[in-house]
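Since the structure comes first, as structure tokens, the remarks are kept for the end.
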Amino acid sequence: MILLAKHIVDSDQWRLGLMDITVERNAFGRQVDSFETDLEVAGIAGSPVRAVFIRAPFVREAEEAAGVEVLARFRDRIVMCRQGNLLATAFHPELTSDRRTQQYFVDMIP
């Protein structure tokens, strides 16, 4: 998410800058504040997706006019979005046995 973002709050860190989003780093706190929760994700059917947040960022602004689609929120914060063939998550889907997020990404390939 951080590398894909065009803007990072209070940072001049190098990034790819491919998605029309503004992210805030470590937005949920330090590593000791890491947590897991269940999320409803647009485009992923069935039970909620288990999301593991470790020093996670979140999307402060998503330019929907530029084609950014918000797929999931935790409380009022955007934690998953898509723009065209790009997918960004604030959580680590690879840390659970649920492969639906990875399958969603694979299914994006034309």
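Taking 0.36 nm per residue of separation and subtracting the Cα-Cα distance, what length does fully extending Glu69 through Asn85 add? Don't jump to the answer; show the numbers that get you there.
Numbers: separation 16, 0.36 × 16 = 5.76 nm, distance 1.12 nm.
Gain in length upon complete extension: 4.6 nm.
When the C-alpha atoms of region 12-74 are aligned to their principal axes, what extent does each axis show, in angstrom, from largest down?
Extents along the principal axes: 33, 31, 16 Å.
Are there GluC sites (Glu not before Pro) in region 1-64 that DSSP puts in a loop and that have at most 12 other Cβ atoms within 10 Å, and which ones? Spell out each step's value before the answer.
On the way: sites: Glu24, Glu36, Glu40, Glu61, Glu63, Glu64; in loops: Glu40, Glu63.
In loop regions of region 1-64 (DSSP not H, G, I, E or B), the sparsely surrounded GluC sites (Glu not before Pro) are Glu40.
Could you list Ile109, Ile2, Ile21 in order of exposure, starting from the residue whose Cβ has the fewest other Cβ atoms within 10 Å?
Numbers: Ile109 6, Ile2 18, Ile21 28.
Listing Ile109, Ile2, Ile21 from fewest to most nearby Cβ atoms yields Ile109, Ile2, Ile21.
I need to check one value: relative contact order of the chain, counting alpha carbon pairs closer than 8 Å and at least 6 residues apart, in percent.
On the way: 219 pairs, mean separation 24.5, N = 110.
It comes to 22 percent, rounded to a whole number.
At 222 nm, what helix-only mean residue ellipticity would the chain give, in deg cm²/dmol to the nearest 500, using -39500 (n - 2.57) for each DSSP H run of four or more? Intermediate results must be reported in sequence, preceding the final value.
Details: 1 runs with 8 residues, N = 110.
Using -39500 (n - 2.57) per qualifying helix, the result is -2000 deg cm²/dmol.
What ranking of Met1, Met80, Met108 emerges when the number of other C-beta atoms within 10 Å of each C-beta is taken as an exposure proxy, fewest first? Don't jump to the answer; show the numbers that get you there.
Numbers: Met1 22, Met80 28, Met108 13.
Fewest-to-most Cβ neighbours within 10 Å comes out as Met108, Met1, Met80.
Charges on Cβ only, +1 for Lys and Arg, -1 for Asp and Glu, centred on the Cα centroid of the chain; of Ala51, Gln31, Ala62, which one is farthest towards the dipole's positive end?
The residue sitting farthest along the positive end of the dipole is Gln31.
When Thr22, Thr101 are ordered from fewest to most other Cβ atoms inside 10 Å of their Cβ, what list results?
Numbers: Thr22 15, Thr101 25.
In order of increasing Cβ crowding within 10 Å: Thr22, Thr101.
Taking the Cα centre of each part, how many Å lie between region 68-96 and region 16-39?
10
The numbers here are math on the coordinates, done by the rules we state, and not lab data. Just so it is clear, the model here is predicted, and its values are computed rather than measured. Cβ: placed from backbone, ideal geometry, glycine included. Neighbour counts: every protein chain shown.
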